[in-house]
1. Project the alpha carbons of the stretch 81-154 onto their principal axes and report the range along each, largest first, in whole Å.
2. Expressed as a whole percentage, what fraction of the accessible surface of the stretch 43-154 belongs to carbon and sulfur atoms when a 1.4 Å probe is rolled over the protein heavy atoms?
3. Binning every alpha carbon pair distance of the chain at 10 Å from zero, what are the percents per bin?
4. For the chain, with the dipole built from +1 on Lys and Arg beta-carbon atoms and -1 on Asp and Glu ones, taken about the Cα centre, which of Leu50, Ala147, Leu113 lies farthest toward the positive end?
5. When ligands, DNA and RNA are left out and all protein chains stay put, how many square angstrom of accessible area per residue does the chain have with a 1.4 Å probe?
6. Cα centroids of the stretch 1-35 and the stretch 69-120: how far apart, whole angstrom?
7. Using helices alone, what [θ] at 222 nm do you get for the chain, with -39,500 (n - 2.57) per DSSP H run of 4 or more residues, divided over all residues and rounded to the nearest 500?
8. As an exercise, find the ratio Rg/Rh for the stretch 114-154 from alpha-carbon atoms, using the Kirkwood inverse-distance average for Rh.
Amino acid sequence: MTTDPTMARIGQGVELNHQQGQREAARELFAQIWDDIGGEQGDPLHVCVLAHSMADVQDDVHEELTWDLRALAAVGLITDERVAQAGVPLSVAGLYPSLHLNLSECYRKLGDLDHAREHLQQARDGIGALGDDDYGRLIRSGLEQVAEQLGETV
């Protein structure tokens, strides 16, 4: 359970999108949070998680890619200490597989299969940082789906 108020707000947006099917409401909440944190100048953890979540509510794949790239740029500035301080139950290394999975999917949708495969491989390389829990299984399942869509063996 996160102890960070901004992370809790981002979680509310994720719930709006994934549990309640309210993409537009989630997008509006994420945009407000983005302004509140100072955009890309904000806390890298907030920037990363918010951009990663904002990507999921975009209607245009180019916008989705832009948000996913923002998330990837921010993750390199996060420390495990900061993640723990926020109450996030992952290490920084555990953030990478999902980020690369989403980037792989974006590039696949755009027809840039070389970049899609590069990010798929990076996601695979980092998958060991995830546990055998619901989140880890979700990411592994996503990797399998993208690999199949790219015509790769799983």
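The values are calculated or read from the model by the stated rules, or taken from the named source; none is laboratory data. Just so it is clear, the structure is predicted and the values come from calculations on it, not from any experiment. Note that each Cβ is placed from the backbone with ideal geometry, even for glycine, and that neighbours are counted across all protein chains shown. For the accessible areas, the whole protein counts, side chains as well, though only heavy atoms, and no ligand, DNA or RNA atoms are used. Shrake-Rupley method; radii C 1.70, N 1.55, O 1.52, S 1.80 Å.
1. Principal-axis extents of the stretch 81-154 (Cα, largest first): 39, 21, 16 Å.
2. Numbers: 2670 of 5350 Å².
Reported share for carbon and sulfur atoms: 50 percent.
3. Percent of pairs per bin, in order: 12, 40, 38, 10, 0.
4. Ala147
5. Working: 7950 Å² over 154 residues.
Value returned for the chain: 52 Å² of accessible area per residue.
6. 18
7. Details: 8 runs with 107 residues, N = 154.
Value at 222 nm, helices only: -22000 deg cm²/dmol.
8. Details: Rg = 10.1 Å, Rh = 10.4 Å.
When Rh is taken as the Kirkwood radius, the ratio is 0.97.
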